[in-house]
1. Based on what the data block shows, is B:GLY54 over 19 Å from the mean Cα position of the chain (by Cα) and surrounded by fewer than 22 Cβ atoms within 10 Å (Cβ to Cβ)?
2. Just to confirm my filter: which helices (runs of 4 or more DSSP H) fall fully inside segment A:114-225 and include at least 3 residues that are without any contact (Cβ under 8 Å) to a residue 24 or more places away in the chain?
3. What pairs can you find where one residue is in segment A:97-111 and more than 15 Å from A:GLU15 (Cα to Cα), the other is charged (D, E, K, R) and buried (at least 20 other Cβ atoms within 10 Å of the Cβ), and their Cβ atoms are less than 7 Å apart, with a gap of 6+ or different chains?
4. Counting just the residues of segment B:112-163 that are among the acidic types (Asp, Glu) and more than 15 Å from the chain's Cα centre (by Cα), which one comes out farthest from the other protein chains (Cβ to nearest Cβ)?
5. Would a scan of segment A:272-280 turn up a residue that is away from every other protein chain (no Cβ under 12 Å), surrounded by fewer than 24 Cβ atoms within 10 Å (Cβ to Cβ) and touching a strand residue (DSSP E or B) at 6+ places or on another chain (Cβ under 6 Å)?
6. Restricting attention to segment A:38-88, which residues are at the interface with another protein chain (Cβ under 8 Å from one of its Cβ atoms), in contact (Cβ under 8 Å) with a residue 40 or more places away in the chain and in a loop (DSSP other than H, G, I, E, B)?
7. State all residues of segment A:180-229 that are touching a Ser or Thr at 6+ places or on another chain (Cβ under 9 Å) and small (Gly, Ala, Ser); if no residue qualifies, say none.
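The values are calculated or read from the model by the stated rules, or taken from the named source; none is laboratory data. Computed from a predicted structure; not experimentally measured. Note: ideal-geometry Cβ built from the backbone for every residue, glycine included; neighbour counts use all protein chains shown.
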Amino acid sequence: MTLMTKPGVEPLRVEPEAIEEAAKLLYIRACKVLPDDIKEGFARLDATETDATAKTILATMIENIGVAERMDNLLCQDTGIPIFNVLIGRNVQVDGWALKEAIAKGTARATREHPLRSSVVHPITRKNEHTSCGERVPVINIDFTDAERELRLEMIPKGSGSENGSFLQMLIPADGVAAVKRFVVDRVIQAGGKVCPPTIVGVGVGGTSDLCMHLAKVAATRPLGSRCTDAEGAKLEAELSEAVNGLGIGPQGLGGDSTAFAVHVETAATHITMNPVAVNIQCHSARRASATFTPDGIRIGF
Amino acid sequence: MAHHVLHMPITEEQVRALRVGDTVTLEDTLFGIRDATQIHMFDHGRRTKFDLHGHAVIHTAPNLRKVERSGTNHSGYEPVCIGTTTSDRMERFTRPLMEREGVRIIIGKGGLRDGSLDAFRDLGGAYLAVVGGAAALETTWVQAVEDVDLDDLNPESLYKFSIKGFGPLLVAMDAHGSSLYAAVNAEAARRRQAVLEKLGAS
């Protein structure tokens, strides 16, 4: 019984060497070029900001995006924790173990060959291997999609200032959605300027504790302009986006209207006894890069 | 709102002249310091060869390229990308940095807390906000990595940067008990109730 391929259709084979090269390229590119949706987010905030100090800070951030591109330099000195999302479509053939090794090799090569600061240490000894790699790092999330003969590799260098703005609360059903909203508002206040606003506030609602926090990360790293596919989640993100920008925290926590580009929500079904909520924050240097492998070749994007 | 150009190091009188809302451009010398640097200096009793009296430190850990030591470059590094990290994690080191090492200015992002504000008032110091995440721009203000100490902590070593036109930076906490962060936090706390009411979540 062979169910590997559809009859008559050659599967897309992705070699580990190609993954390694892509991983290296994406880590460096993500650190240097901000996605178009984030640039547009800056333009939108700049147009509506009313506070003078906040406008100056936004102008500096926008200037920095240009300097990084012109000088081929990193947007931010924090090379982050490297995260790779692997989205495997249908009729794709890949050696999963080799793929994981290739991602780590590409990450280490980017770190040594560019060079990039290795921001990754052992959690107890604090020893830095100067490879941006370590036990279970890069973080690799593997999922499957219905795209025919396509493998997508996404790279996110997740900055630590905003990652430290991560919070989980196992609320209970009696707390209701009101407590979910309160939790988000209060954690944004608590994070203040420490998470490098303007931010994307990622919110996970539902699932288990670990899934809930993962949803918050997915939400925080989603492109601006995208909406939660769940109608109730989409309603929540619109309400919360307006709410957090009414707090006056502003860019860098120095006051103003531009606290967040947006609040993004991701949802998952949960248990009858549970009402979990998680917040994970992405800083204004909301970096992403992607490589899409198809039979036509490799497409580099965000 | 005055603009100050400060050639480092500076005196207590110079730092006490800074007021919240003023802007500052630093010249000549700046030291880079981070979590591990200060954990080793103050928790593990290590001392630095640098004299930090009257100087400014920036909360950073840079991206560097290894080069040969030569001429005025005693560090063996050149800058790739130098930026600023979140200051709040290093809150408890402000007073010892000032008392033991004589530091006058801390540069960072996101602000420090009441303990630091007290230290700035008691000992004569200030916190200058740089725009976090604008490191490509910040790197253009750094001329060289002149020297390095405690380099086993790399990239969290203690760096001596030679700087030119480092700024403008915003005086966000001064020696007179004022903090922009405290003001913004108080305002956010004040607005919270109305925000929650609108959400139907008060």
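1. Here the answer is no, as B:GLY54 does not meet what is asked.
2. Correct list: A:176-191.
3. Within 7 Å, the pairs are A:ARG109/A:LYS24; A:ALA110/A:LYS24.
4. Here the residue is B:ASP122.
5. Checking segment A:272-280: at least one residue is away from every other protein chain (no Cβ under 12 Å), surrounded by fewer than 24 Cβ atoms within 10 Å (Cβ to Cβ) and touching a strand residue (DSSP E or B) at 6+ places or on another chain (Cβ under 6 Å).
6. A:ASN73, A:LEU74, A:LEU75, A:CYS76, A:GLN77, A:ASP78, A:THR79
7. Once the filter is applied, which keeps residues that are touching a Ser or Thr at 6+ places or on another chain (Cβ under 9 Å) and small (Gly, Ala, Ser), segment A:180-229 yields A:ALA191, A:GLY193, A:GLY202, A:GLY204, A:GLY206, A:GLY207, A:ALA216, A:ALA220.
Rundown of residues vs (1) in the same structural domain as A:ASN85 (by TED's automatic domain parsing); (2) outside any loop (DSSP other than H, G, I, E, B), yes/no style:
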position	(1), (2)
A:GLY233	no, yes
A:GLU237	no, yes
A:ALA243	no, yes
A:GLY246	no, no
A:ILE249	no, no
A:THR273	no, no
A:PRO276	no, yes
A:ALA291	yes, yes
